[in-house]
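Scroll down for the structure; my scribbles are underneath it.
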DNA sequence: GAGTGGTCTAGACCACAAT
DNA sequence: TTGTGGTCTAGACCACTCC
């Protein structure tokens, strides 16, 4: 059950990056340094760095060194990223308004989806996000109180629920569906669109520590929002 | 500019898999066999196999051997897969109807998107796909004639355009957008839905040999179709 | 027991970057 | 010139599977 050295090195480096000890662009110990530090051969140290490079965590340049890779590669599509970051990356201004933030009980479909006791309460938030003052997303989120007990105490105009949850419950698995759907009256009102304007709806569940951490519905006006990516 | 041996081995194996020489579940040459065949050390042969395993192309089992991995895990979302395969995997019946199949000229936006000479002609197809006799997708596709000259001669009720293109122009890069949008009258008619029913639209470009191979718009009735996945 | 993968070492040669 | 990454070899020990 011993962890092989190359994995120890990988995990150590990942931990240092996640903890913020090593930031984007920072220089990472060279193979030679790792050889001395971990008492391994150069092949072993190299393997750790090469694999992290293949996973887009590090960038290596011959003759120069190894560095922490830029942001988060938008590998695919439904990358878990904060809507705030996304908007700021487009050079626009993000703002948000908390519409609802409270407990819910007796939501059968939900406790079911979260594999919780049917009587347990769930934390709920409904937040409206703006891009340059224009409503761009209604975020309805149900959160497992066992994994994020402090959820209702957050100031979600300063940090997005997504960012907060990533901190307290590092995600482990995700599933999602994307649909085109008509908004309910509430959503249409929030987004300031007509009742018959199509919306792009992302439904997503995230797992942490083997349990469902949160269920979220993201509603976007079809006319103003799209998912995109490449691979 | 010499390709390193571990890459030669990787590419050879990938080619054999893509060509169908090695199929899902087939046993792949062992490290020892590769050592003899390519005249390399075991570390080098191993590296090729390990990297292909990390890329989910192969599966290795200690004591047993190395095998071609099951289909293609729906890594993310907008996997390039044939709608036919997708429907069959659900245990349903796929059928399709070719509505249009012809040349087009003078489509400025398109030659632009394909980086072609504005006057060159483009191959076009419009195909309606059914799942259990119910219309589920309108596929409008524009194809670069330089990369798939025989496109108009195919029988697209037997092979999907996607499958055909994968054969003649192995893809290299993809980008896509997903939108929620109202169908045009033609699309609404084909899908047998109302003019105000939201549609899920996937817009995708594929590259091959450094050029745009095809541009496609896939229209789906929002009520009957969704994208899904996990990671 | 024979074959296979999982991992490691100690040394080597090369290409490239920074100085 | 020095340090870094890119890659390779020849051998080794172990754990596992299959027969």
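Legend: mean number of C-beta atoms from other chains within 10 angstrom of residue C-beta atoms, peptide A:178-189, equals 4.
Net length available on complete extension from residue B:42 to residue B:2 is 12.4 nm, with 0.36 nm assigned per residue and the Cα-Cα distance removed.
Residues B:134, B:50, arranged from fewest to most other Cβ atoms within 10 angstrom of their Cβ, appear as B:134, B:50. Inter-copy label distances at residue B:65, shortest first and taken from points set 7 Å along Cα to Cβ: 4.8 nm. Between copies, residue B:93 shows label-point distances of 5.9 nm, shortest first, with the point placed 7 angstrom from Cα along Cα to C-beta.
Remark: A:44, B:206 ranked as A:44, B:206, counting other beta-carbon atoms within 10 Å and listing the fewest first. Ranked from shortest, the separations from the 7 Å Cα-to-Cβ label point of residue A:196 to its equivalents in the other copies are 0.2 nm.
Listed from fewest to most Cβ neighbours within 10 Å, the set A:136, B:159 follows the order B:159, A:136.
Set the Förster radius R0 to 25 Å, insert the Cβ-Cβ distance between residue A:100 and residue A:134 as r into 1/(1 + (r/R0)^6), and round the FRET efficiency to 0.05. Write down the numbers at each step before the final one.
Numbers: r = 21 Å, r/R0 = 0.84.
Once rounded, the FRET efficiency stands at 0.75.
A Förster distance of 30 Å, applied to the separation of the beta-carbon atoms of residue A:196 and residue A:167, puts the FRET efficiency at 0.15.
Rule-based calculations on the coordinates, nothing more; no lab input. Keep in mind the model is a prediction, meaning the values are calculated, not measured. FYI the Cβ positions are ideal-geometry reconstructions off the backbone, even for glycines, and counts take in every protein chain you see.
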